[in-house]
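K.L.:
Right, I'll just put the structure down here and ask away after.
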Amino acid sequence: MAKALLLPFLISMIPLIELRGAIPVGIGLFAANEITLSPQLLILLFAACMLGNMIPVPFIFLFARKFLEWGQDKKIIGRPCRFFIEKGHRAGEKLQEKAGRGLYFALFLFVGIPLPGTGAWTGTLAASLLDMNWKKTCLSVMAGVLLAGIIMLTLSYGVASVATGN
């Protein structure tokens, strides 16, 4: 069972996939290995994906901006660095424009609503580029990951239940 949790844990650390992709993979692995989806197992899967998704957050907030700014004029990595700086700035400006004073609540929703291009990586990078408060950013991102996890677990479990006839 630990092996079935390890892959979703690792997948949840991957940018753009995060726990939004890791939870359905985990449920699929359990189904493929004929492991019964008990509430305890779903909680373990949720916790593993949540932890995996949150591990990169401090590193993104503290170091991604510095690395991207350093690398934007380098020959090989310049183009991707500029892309991520521009994407982060655009996401941050859009978030700031729509949110006004509710910026951290908007960050929570941005991370929590599982749509392509949103998530902990993008939200944290945008917060870093906007020089947002570290603690408030972490709390907003963690709450957003929690919301995204609940949504994805509910949807994935529902699809798995329909597919297996349970």
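The values are calculated or read from the model by the stated rules, or taken from the named source; none is laboratory data. If you're wondering where the values come from, they're calculated on a predicted model, not measured in any experiment. Neighbour counts are summed over all protein chains in view; Cβ atoms, including those assigned to glycine, are modelled from backbone coordinates with ideal geometry. When the accessible area is computed, the model is the full protein with side chains, heavy atoms only, and any ligands, DNA or RNA have been set aside. Shrake-Rupley method; radii C 1.70, N 1.55, O 1.52, S 1.80 Å.
K.L.:
Counting only residues that are small (Gly, Ala, Ser), part of a helix (DSSP H, G or I) and buried (at least 21 other Cβ atoms within 10 Å of the Cβ), how many does region 9-57 have? Break it down into steps so the answer makes sense when it comes.
P.N.:
Of the residues in region 9-57, the ones small (Gly, Ala, Ser) are 12, 21-22, 26, 28, 31-32, 38, 47-48, 52.
Then drop every residue that is not part of a helix (DSSP H, G or I), which leaves 21-22, 26, 28, 31-32, 47-48, 52.
Subset that is buried (at least 21 other Cβ atoms within 10 Å of the Cβ): 22, 26, 48, 52.
Total meeting the criteria: 4.
K.L.:
Right, next: Can you give me the number of residues within region 31-57 that are over 19 Å from ILE151 (Cβ atoms) and modelled with pLDDT under 90?
P.N.:
Residues in region 31-57 being over 19 Å from ILE151 (Cβ atoms) and modelled with pLDDT under 90: 7 in total.
K.L.:
Yes or no: region 145-164 includes at least one residue that is crowded, with 19+ Cβ neighbours inside 10 Å, in a helix (DSSP H, G or I) and free of Cβ contacts under 8 Å to residues at least 60 places away in the same chain.
P.N.:
Our first condition is that a residue be crowded, with 19+ Cβ neighbours inside 10 Å; within region 145-164, this holds for 145, 148-149, 152-153, 156.
The next check asks that each one be in a helix (DSSP H, G or I); those that pass are 145, 148-149, 152-153, 156.
Checking the rest, the ones that are also free of Cβ contacts under 8 Å to residues at least 60 places away in the same chain come to none.
The answer is no, given that none of the residues of region 145-164 is crowded, with 19+ Cβ neighbours inside 10 Å, in a helix (DSSP H, G or I) and free of Cβ contacts under 8 Å to residues at least 60 places away in the same chain.
K.L.:
Test of understanding: among LEU29, LEU68, LEU6, LEU16, which residue is aliphatic (A, V, I, L, M) and on the phi > 0 side of the Ramachandran plot? Steps first, please.
P.N.:
Details: LEU29 fails: on the phi > 0 side of the Ramachandran plot; LEU68 fails: on the phi > 0 side of the Ramachandran plot; LEU6 fails: on the phi > 0 side of the Ramachandran plot.
When all the criteria are applied, what remains is LEU16.
K.L.:
How about region 58-137: which helices (runs of 4 or more DSSP H) wholly inside it have at least 2 residues that are among the acidic types (Asp, Glu) and open to solvent by 30 Å² or more (accessible area, probe 1.4 Å)?
P.N.:
Values: elements: 65-71, 78-99, 103-112, 120-129.
Correct list: 78-99.
K.L.:
Here is a further query. Scan ALA99, ALA48 and give me the residue that is touching a Pro at 6+ places or on another chain (Cβ under 9 Å) and at negative phi. Full working, then the answer.
P.N.:
Numbers: ALA99 fails: touching a Pro at 6+ places or on another chain (Cβ under 9 Å).
Answer to the selection: ALA48.
K.L.:
Report every pair of residues separated by at least 6 positions or lying on different chains whose Cβ atoms are under 7 Å apart, first residue within region 42-58 and over 12 Å from LEU6 (Cβ atoms), second crowded, with 20+ Cβ neighbours inside 10 Å and hydroxyl-bearing (Ser, Thr, Tyr).
P.N.:
Matching pairs, first to second residue: ASN53/SER12; VAL57/THR124.
K.L.:
Same structure again: Of the conditions (1) farther than 23 Å from ILE151 by Cα; (2) in contact with a Phe, Trp or Tyr (Cβ under 7 Å, 6 or more places away or on another chain), LYS87 satisfies every one except a single condition; which number is it?
P.N.:
(2)
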